[in-house]
């Protein structure tokens, strides 16, 4: 593992004082190709200590609904089985009930989060520790600060910076065997055999139903990856923007929850296709370039994910046109229920409601239309974030906030000035009608 992935948050304090090494799994919900997990096992072996994995069930996270928790908990049950097969104990605790374990640890290992509310959570762990704390950046291809020491305004500016380092960071992560198993450690854990068992013990919003067709877990993520590589990747560049085609990887929820890593995806792809294949290059643009741009923005822009985080030109032009007459104004309730005059928008919203995600091309149209149908651009931004975070299994993620911000002008250039949008790029029904599969998409979500 490259040292650039490691961030020491707290230096050594009385080395070897604790009973075990603790890895708090926050972002990387997987047992394979997990840099933080393997670092924790390696450190535990060197110290002659057992390693445990702590999974905190945080009830107060934004939008704690059944959809999000069921997907996460399905992955949790599979993660526990995989870790036990390696002799590692998974400890589940509610909220911050795991902090006493932090104080008993000789080393604490953390995943790296990027959003502000996630970083505050990590700060609480560091404050509660009396030993060394190391954060491992394992859910990007190239670590953020290695790519760039400053905010990048466009994909075209970050692209060469990340691609020139890409091959160096596509390293394998061998699964290590713990020298001292931890399964018999006397550490209490909240263990249930079913998702329903966990759901009964936490405060969950049941008004947002779970999505049956998307099952959580690293095994399901790997299955979808293999389907994508074997059946869809040959047509990815040509068909990925066609809403009616089945050409995308459908991995965004699994990447968001760390059930698969982007490095793992690329390594699997490159087993079968050349790096210069047009479909592989298109995938790299989405999986690496834009994803790394999202994390660059999350780290360097304190207002990322808010209207205030947009570039000045975009905010100014939208505000200049805030008083333009709108033909339609919809309430959040009407939008939530897909009750607009626009059948294309309604289909996209129904896809979000029923599947927990929106086709990448339709998501842009879905988001941009909110600018036309709300009283102010600020409210449009708030609605986009709310709807995506509440119903999207890939919501509450830098990628989602980058996509929304792009629809409001961020990471894009000014265009010819128009009503309501100002100089922000528009999307129209005509652009959708040119897509060969749009009728199929409409029938699917009508």
Ranked highest first by average number of other Cβ atoms within 10 Å, how do 406-414, 418-426, 161-169 line up?
406-414, 418-426, 161-169
Highest-fluctuation residue, 100, 311, 181 considered, GNM on the chain with Cα pairs under 10 Å
100
Just rank 211, 299, 109, fewest to most, by other beta-carbon atoms within 10 angstrom.
299, 211, 109
In degrees from 0 to 90, rounded to the nearest 10, what is the angle of the helix 155-169 Cα long axis to the longest principal axis of the chain?
30
All alpha-carbon distances of region 307-444, grouped into 5 Å bins from 0, give the whole-percent distribution 2, 10, 21, 24, 21, 15, 6, 1, 0
For the chain, what is the percent of antiparallel DSSP beta bridges, rounded to the nearest 5?
20
Which angle from 0 to 90°, rounded to the nearest 10, does the C-alpha axis of helix 218-227 make with the longest principal axis of the chain?
50
Mind computing the radius of gyration and Dmax over the alpha-carbon atoms of region 83-182? Å is fine for both.
17.3, 48
Principal axis lengths of the chain from Cα atoms, whole Å, largest first?
68, 48, 41
Note: residue 209 to residue 99 extended length (0.36 nm per residue) minus current alpha-carbon separation gives 36.5 nm
So which residue, out of 325, 67, 232, gets the largest mean-square fluctuation from a GNM of the chain using Cα contacts under 10 Å as springs?
325
All alpha-carbon distances of region 1-139, grouped into 5 Å bins from 0, give the whole-percent distribution 2, 10, 21, 25, 22, 13, 5, 2, 0
The whole-number value in µm²/s of the Stokes-Einstein translational diffusion coefficient for region 1-74, with Rh from the Kirkwood sum over alpha carbon pairs at 20 °C and 1.002 mPa s, is 148
Can you give me the P(r) profile for region 304-344? Cα pairs, bins 10 angstrom wide beginning at 0, each as a whole percent.
23, 32, 41, 4
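Bear in mind that the values in this text are calculations on the coordinates, not laboratory data. On a predicted model such as this, the values are computed, not experimentally measured, just so you know. Positions of Cβ are backbone-derived with ideal geometry, glycine not excepted, and every protein chain shown enters the neighbour counts.
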